[in-house]
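Here, each number is a calculation from the coordinates, and none is a lab measurement. Keep in mind that what you see is a predicted model, and the values were worked out from it rather than measured. Heads up, the Cβs are rebuilt from the backbone with ideal geometry, glycines too, and the neighbour counts pull from every protein chain shown.
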Amino acid sequence: MTEAVSYAVTNGVAWLTIERAEARNALNAAVRTGLFAGARRFNDDDTAKVLVLTGAGERAFCAGGDLKEMAEVALTVPPPDFVPQFGRNIDVAKPTIAAVNGVAWAGGFLLAQSCDLCIAADTATFAISEVKVGRGAPWAAPLSWLIPPRIALQILLTGDPVSARRGYEIGLVNEVVPLADLRSRTQQVAERIAANAPLSVLAAKRTAYLSRPDLFDEAERIWAPVYHSADAQEGPAAFRDKRPPVWTGR
């Protein structure tokens, strides 16, 4: 664990919280390390039956990757263990819930998508904003398994945010609640799951994912030229310099 991420268990429910509210819980190196550590701790924690992933504060669940950090290191293709993707680069057999308290954009969308359930505050928004900064989203390959393909295309191609209510309408979100009720309602749902027969819960989760295609390898191939492009460096640099990006398409 790191200071950027906290872990606490209440009545069998582990809360893994990104603690960078001042930076909209962006995924810098400390956060990414802490999330991996928290997921491993949950896997080894026999007292925890359900994991809830959330962000500190009221503005953001996670605004995505730390673009300033990306610009400084000139990040091209993120390594396979860049950020935890449950069921892909780290196995989490027990149920997971995203408690989305605000902005869930880019890498924040990834984290919410990776969880089994999603409960959102009525102030939350979701976006795959990579097209606006020239970065890649191969992790979005399973999105059309979660929601209708044309809605997935609109989200991917425009980069525009989707409200929590719209997320509920398209099946991305399980429940929308007032921000003040998000923690209590998520705890309630998690405790209902935790009270069930554990072997049945684990088998139910595995069964639900049998129909999801594994498209990540092909998606990584498609997005590799984007990651290596000049535009992929221009987007984070423009964000760092607080100016509009100048796209060259190369």
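See the values below:
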read-out: Folded to 0 to 90 degrees: helix 198-208 orientation relative to the chain principal axis, Cα; value: 40 degrees
read-out: Sites matching chymotrypsin sites (Phe, Trp or Tyr not before Pro) across region 199-250 that sit in DSSP coil, with at most 15 neighbouring C-beta atoms within 10 Å; value: Trp247
read-out: Cα-projected label distance for Val77 with Asp45, points at 7 Å along beta-carbon direction, nm; value: 3.4 nm
read-out: Proximal lysines to Lys68, defined as alpha-carbon separation beneath 21 angstrom and excluding residues fewer than eight positions away on the same chain; value: Lys132, Lys242
read-out: Amide H contacts of Gly65 (H built 1.01 Å from N, under 5 Å, at least 5 apart or other chain); value: Leu27, Gly107, Gly108
read-out: Amide hydrogen neighbours beyond the local backbone of Thr125, cut-off 5 Å, H modeled; value: Gly102, Val103, Ala104
read-out: Calculated FRET value between Glu58 and Thr10, using beta carbons and R₀ = 22 Å, to 0.05; value: 0.65
read-out: Residues with amide H under 5 Å from that of Gly55, placed H, sequence gap 5 or more; value: Ile18, Asn101
read-out: Relative contact order (percent, whole number), the chain, Cα cutoff 8 Å, 6+ residue spacing; value: 20 percent
read-out: Within the chain, helix-based [θ] at 222 nm, where runs of 4 or more DSSP H residues each add -39,500 (n - 2.57), nearest 500; value: -12000 deg cm²/dmol
read-out: Label zone at Ala93 (point 7 Å along Cα-to-Cβ), backbone N below 16 Å, region 105-119; value: none
read-out: Low-density loop positions, GluC sites (Glu not before Pro), region 1-58 - DSSP coil, at most 11 other Cβ in 10 Å; value: Glu3
read-out: R0 of 25 Å, Cβ-Cβ distance Ser144-Ala224: FRET efficiency to nearest 0.05; value: 0.75
read-out: Spacing of the two label points (7 Å from each Cα toward its C-beta) at Glu22 and Leu215, in nm; value: 4.0 nm
read-out: HN-Hα J in Hz across region 145-155 - Karplus 6.51, -1.76, 1.60, θ = phi - 60°, x for Gly and Pro; value: 7, 8, 9, x, x, 5, 6, 4, 4, 4, 5
read-out: Region 127-250 pair-distance distribution - Cα-Cα, 5 Å bins, rounded %; value: 2, 9, 13, 16, 15, 15, 13, 8, 5, 3, 1, 0
read-out: Karplus 3J(HN,Hα) series, Hz, for region 31-39 with 6.51 cos²θ - 1.76 cosθ + 1.60 (x for Gly, Pro); value: 5, 4, 4, x, 5, 4, 4, x, 5
